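Student: Below is one structure. I have some questions about it.
The values are calculated or read from the model by the stated rules, or taken from the named source; none is laboratory data. These numbers were taken from a predicted model, which means no experiment stands behind them. A quick note on method: Cβ atoms are made from the backbone with ideal geometry, for glycine too, and the neighbour counts reach across all protein chains shown. The area values use the complete protein model at the heavy-atom level, side chains included, leaving out ligands, DNA and RNA. Shrake-Rupley method; radii C 1.70, N 1.55, O 1.52, S 1.80 Å.
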Amino acid sequence: MSIFKIIAAGLALFLGASAASKADPALDYPRAMVDLICQLKSYAGEQRPGFGLLGNGGAGLFLEQDGNTGENVGHFIQSLDGTMAESVFFRWDTDEDKAVRTAGEDTEYFHQALAPARTAGMPVFSLDYVDSREMAAESYRKNKEKGYISWASFRRELDALPEEVPYKVNSKDITSLSQVQNYVVLLNPSKFGSQEAYLEAMKRTDYDLLIIDLFYGANPLTAEEVASLKRKADGGRRLVYAYMSLGEAETYRFYWQSEWQSNLPDWLAEANPDWQNNFKVKFWRPEWQEILYGNPDAYLDKIIAAGFDGAFLDVIDAYYYFLAQEQKQD
């Protein structure tokens, strides 16, 4: 489960019936997820040529496993402009409330899964969670050895900008993910006090890539506000991507209808036990996909209209949940 779900509780507070789920029979879940991403890529390209997609949580889709075919791997690679993996070398242990080294076998799995992306020339982003400068230095060193674009975050909540300067800071113009040398993820802006303070803080940074939320509070950022973030403090051009979850519906989002809380539509599955404001979603269903894209009120369309350079697609690994549900029924 993506650590980005950590922001859910904070955002829900900022904005002020679990249902039993049965997986649809005879559905190829890995292919269904890749098909959705391919559709998003095609649609976004038609609306704005060059619009990028950066995926998170789908490392397993680069491998022929769990029913995932070589053909599907190829389609997955073609549908993304970049991929991200969390906790490759260091992760946050919520029980001990501290950063710890990721188990060796898990790190090796990441390397194996991300190798096809690297071979295909896709930029690979790595996000480690650390709590010491020594740990951060080791993270940057190890990620550099593997060719990953990395960030060592001292805050697992992703609710503040780092005090330290960006790793590999530069003044170059950045127009594609392949040119990015550093980045930051800031998904919960509630601690900034005001939208103006939030935007000004980001403008003063030199990150090549900002990954942020489309919304501040209940309101989406305007095209003018997003455009103001595309210039680094040193004057270079940078990319600004907006968060969008593919695998879970979030009760604090614009699309959520109050009656769903007590009477879930059948395309919503059970609540995430760790984050009760999030519900597993049958991502292949047209009802969900209409929320994601294809009309002016859809999520991706709002992101494009606001002038973002691309979308950060989270919870791609939702297909694992439905695979597990199907296995339970067998």
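Student: Which order, highest average first, do 225-231, 257-263, 244-250, 33-39 follow once you tally other Cβ atoms within 10 Å for each residue and take the mean per peptide? Working shown, then result.
Tutor: Details: 225-231: 16.7, 257-263: 9.7, 244-250: 24.3, 33-39: 21.1.
Peptide ranking by packing, descending: 244-250, 33-39, 225-231, 257-263.
Student: Compute the accessible area per residue over the stretch 65-213, keeping the other protein chains in place, probe 1.4 Å, unit Å².
Tutor: Spelled out: the 1.4 Å probe surface of the stretch 65-213, per residue, equals 45 Å².
Student: Same structure again: Quick one: compute the contact order of the stretch 235-314, relative version, from alpha carbon pairs under 8 angstrom and 6+ residues apart, as a percent.
Tutor: Result for the stretch 235-314 is 40 percent.
Student: What fraction of the DSSP beta bridges in the chain is antiparallel, stated in percent and rounded to the nearest 5?
Tutor: The antiparallel fraction comes to roughly 30 percent.
Student: Continuing with this model, one more query. Step through the residues of the stretch 227-242 one at a time and calculate ³J(HN,Hα) from phi using the Karplus curve (6.51 cos²θ - 1.76 cosθ + 1.60, θ = phi - 60°), rounding each to whole Hz and writing x for Gly and Pro.
Tutor: 4, 5, 8, 7, 10, 5, 4, 7, x, x, 6, 9, 9, 10, 10, 10
Student: With a sphere of radius 14 Å drawn around the Cβ of residue 221, what net charge do the other residues whose Cβ falls strictly inside it have (Lys, Arg +1; Asp, Glu -1)? Could you put the intermediate results ahead of the total?
Tutor: Numbers: positive: 203, 230, 302; negative: 196, 200, 213, 224, 225, 309.
Neighbourhood net charge equals -3.
Student: Next question. Run the numbers on the stretch 125-247 and let me know its relative contact order in percent, using alpha-carbon pairs under 8 Å that are six or more apart.
Tutor: Contact order relative to length: 23 percent.
Student: Please compare each pair in 302/328; 203/282; 168/230; 282/328 to a cut-off of 27 Å on the Cα-Cα distance and tell me which ones are over it.
Tutor: In this structure, 302/328; 203/282 exceed 27 Å between Cα atoms.
Student: Right, here's the next one. Rounded to whole Å, give me the distance from the Cα center of the stretch 81-99 to that of the stretch 282-304.
Tutor: 29
Student: Sticking with this structure for a sec: Express in Å², to the nearest 10, the accessible area of residue 111 obtained by rolling a 1.4 Å probe over the protein heavy atoms while all chains stay in place.
Tutor: Taking all protein chains as shown, residue 111 has close to 30 Å².
Student: Got a number for the accessible area of residue 290? Probe 1.4 Å, square angstrom, nearest 10.
Tutor: Rounded to the nearest 10, that gives 120 Å².
Student: Leaving ligands, DNA and RNA out of it, report the carbon-plus-sulfur percent of the accessible area of the chain at a 1.4 Å probe.
Tutor: 47
Student: Please list 157, 224 from largest to smallest accessible area, probe radius 1.4 Å, with all protein chains kept in place.
Tutor: 224, 157
Student: Need the full-extension length gain, residue 106 to residue 157, defined as separation in residues times 0.36 nm minus the C-alpha distance. One decimal, nm.
Tutor: 16.1 nm
Student: Can you give the net charge of the other residues whose Cβ lies under 15 Å from the Cβ of residue 199, counting K and R as +1 and D and E as -1?
Tutor: Computed value for this residue: +2.
Student: Sort 305-313, 91-99, 114-122 by packing, meaning the average of other beta carbons within 10 Å per residue, with the highest value first.
Tutor: In decreasing order of mean packing, 305-313, 91-99, 114-122 become 305-313, 114-122, 91-99.
Student: Can you give me the relative contact order of the stretch 55-192 as a percent, contacts being Cα pairs under 8 Å and 6 or more apart?
Tutor: 20
Student: Could you run the Karplus curve 6.51 cos²θ - 1.76 cosθ + 1.60 with θ = phi - 60° over the stretch 123-134 and give me ³J(HN,Hα) per residue in whole Hz, x for Gly and Pro?
Tutor: x, 10, 9, 10, 10, 9, 10, 10, 9, 8, 5, 5
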